[in-house]
Amino acid sequence: MLAWPIILSNITVPLLGLVDTAVVGHLPDSRYLAGVTLGATLFSFLYWGFGFLRMGTTGLTSQAVGRESDSEVRNLLGQSLLMAAGIGTLLILFSRPLISLGLWLLNGSEVATELAAEYAQIRILSAPAVLANYAILGWFLGQQNSRVTLLILVLTNSVNIALDLLFVVGLGMTSDGVAWATVIADYTALTFGLWLVTRQLKLLEGRFLRSRLLTLAAYAELFHVNANLFVRTLGLLFAMAFFTSRGAVQGDTVLAANAVLLQFIMLTSYALDGFAHAAEAIVGRSVGRRGWDEFATAVRTAAWFSLITATVASLAFALGGHYLIALLTGLPEVRATAGSYLPWMVAMPVIAVWSYLLDGVFIGATAIREMRNSIFLGLAVYLPIWWATQPLGNHGLWLAFLTFSLVRSAVLAGYYLHYRRTRWHPAAPSL
């Protein structure tokens with residue numbers, strides 16, 4: 001019940017990307033599509049880096065719910081929103097150097113980079129709204145209300161799609177129209193989210209405390225959790241960027257083939273994230289109330305659902321992978337190249353599933369340092385394996401990436417088994 005709204009809301013994300021591409025792709029000059037693609041990629045990485053505002057808020061809120069501390073639930077929201085507003089404002093203030101650096105790293109053509117910079121200067125205006133929405137979504141998920149996620153994302157993407165069509169098709173705007181559509185949609189979602197928040201706050205006892213909201217020391221736990229999540233996310237971003245860049249140096253065909261196969265990973269992640277996010281909320285509540293039987297049941301149930309989903313995905317890629325590749329590209333050389341690397345894609349879901357699931361468990365338990373460690377231990381194996389297998393070309397790159405996922409899963413599993421014996425059981429001392 002918690003997972004299905006998250007899975008459905010995840011599906012709306014690529015739908016928006018398809019509409020953006022279709023609207024701009026029908027303009028008479030392809031440079032607009034290149035500019036929007038470059039700018040959107042920049043913001044995907046930028047905002048993903050601040051995803052800790054969603055994850056950290058979920059873990060701490062769910063534990064407060066378990067302790068039946070309405071006042072703490074209320075004040076965690078206030079702290080997260082103030083943090084989101086502060087970070088969002090700083091992003092706007094330092095937007096020019098940040099955008100210049102990001103576009104330089106993406107290394108697009110001169111014309112595309114110029115249009116992307118124009119697009120980005122508009123998109124950055126929504127930074128406070130985007131980050132505040134992360135905090136709101138995390139807060140509701142921590143209270144086991146995942147339907148709000150679906151409502152907010154459906155509203156955001158619906159408004160965005162409607163304004164895309166109005167500004168670009170109706171009013172004749174170009175990439176700037178797409179950017180303004182996104183900004184307006186983000187603030188519309190924030191307005192709706194805050195309205196939902198006011199309704200939820202009426203059901204909670206207690207009040208906002210000045211000492212919790214305006215005293216830096218009161219943010220210590222939130223800073224600690226979010227700092228480790230931020231570092232962990234940077235490591236994950238590096239792993240993905242490294243994979244893309246090492247594929248790119250092997251030529252456009254390999255780059256395109258890897259991009260197609262990565263879409264399969266994203267598709268699988270939509271479902272697996274649903275179960276992982278559900279585990280966050282239930283595990284956090286269990287840790288808060290020290291309900292270790294509920295904790296074990298939540299992990300076991302989420303594991304079964306996740307494993308079944310991953311196995312179905314692997315079978316789908318094994319039996320119908322070439323057909324799925326053909327749906328995504330009509331280029332014969334890209335189809336053939338992607339098909340030759342399909343076995344790696346078949347293996348990936350059943351190996352990576354455990355890192356998705358255990359990320360959810362550890363976020364709920366706010367054991368974030370362990371998540372950070374799993375990423376960097378994975379990188380410590382990933383990079384040497386890539387270096388040693390360079391003669392194998394792209395097969396070596398996929399082997400390194402698969403091993404990165406395997407090490408992440410193994411490290412988190414090791415931590416989980418250890419903590420089940422020492423921390424997460426009835427005889428353990430109170431934290």
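With all protein chains in place and a 1.4 Å probe, the accessible surface of the chain carries 69 percent carbon and sulfur. In units of the compact-protein estimate 2.2 N^0.38 Å, the chain shows a Cα radius of gyration of 0.99. Taking all Cα pairs closer than 8 Å and separated by 6 or more residues, the relative contact order of the range 148-307 comes to 12 percent. Computed over the alpha-carbon pairs of the range 321-431, the distance histogram in 10 Å steps reads 13, 33, 27, 17, 7, 2, 0 percent, short to long.
Dipole size of the range 53-128 about its Cα centre, with +1 on Lys/Arg Cβ and -1 on Asp/Glu Cβ: approximately 120 debye, rounded to the nearest 20. Debye calculation, C-alpha points only, no solvent: report log10 I(q)/I(0) for the range 265-390 at q = 0.14, 0.21 Å⁻¹, in the same order as the q values. One equal scatterer on each Cα of the range 265-390 leads to -0.74, -1.14.
Its convex hull of Cα atoms gives the range 70-114 a direction-averaged projected area, equal to a quarter of the hull surface, of 4.1 nm².
For the chain, modelled as a GNM whose springs connect Cα atoms under 10 angstrom apart, the maximal fluctuation among ASP293, ASP164, ASP186 occurs at ASP293. The convex hull built on the alpha-carbon positions of the range 364-411 has an orientation-averaged projected area of 3.2 nm². Rg and Dmax of the range 140-288, both derived from C-alpha coordinates alone, stand at 20.5, 60 Å. Taking label positions 7 Å along the Cα-Cβ direction at both ARG290 and ILE308, the computed distance is 3.4 nm, reported to one decimal. The Cα-based radius of gyration of the range 253-338, divided by its Kirkwood radius, gives an Rg/Rh of 1.20.
Ranking PHE264, TRP292, ILE325 by how far each Cα lies toward the positive end of the dipole of the range 235-336 (charges on Cβ) leaves TRP292 at the top. If you run the Gaussian network model on the chain, springs between alpha carbon atoms under 10 Å, then out of LEU150, LEU412, LEU331 the most flexible one is LEU331. Using Cα-only point scatterers and the Debye equation, what is log10 of I(q)/I(0) for the range 46-152 at each q in 0.10 Å⁻¹, rounded to two decimals? Result of the Debye calculation: -0.36.
In vacuum, with every alpha carbon of the range 242-284 counted as one equal point scatterer, what does the Debye formula give for log10 I(q)/I(0) at q = 0.19, 0.26, 0.29 Å⁻¹? Two decimals, please. Those come out to -0.63, -0.81, -0.90, one per q. Every helix of 4 or more DSSP H residues in the chain counts as -39500 (n - 2.57), and over all residues that averages to -29000 deg cm²/dmol at 222 nm. Accessible area per residue for the range 272-431 is 44 Å², calculated with a 1.4 Å probe on protein heavy atoms, without ligands, DNA or RNA. Taking all C-alpha pairs of the range 288-344, those more than 15 Å from each other amount to 62 percent.
The values are calculated or read from the model by the stated rules, or taken from the named source; none is laboratory data. Note that the structure is a prediction, hence the values are computed from the model and not measured. Heads up, the Cβs are rebuilt from the backbone with ideal geometry, glycines too, and the neighbour counts pull from every protein chain shown. When the accessible area is computed, the model is the full protein with side chains, heavy atoms only, and any ligands, DNA or RNA have been set aside. Shrake-Rupley method; radii C 1.70, N 1.55, O 1.52, S 1.80 Å.
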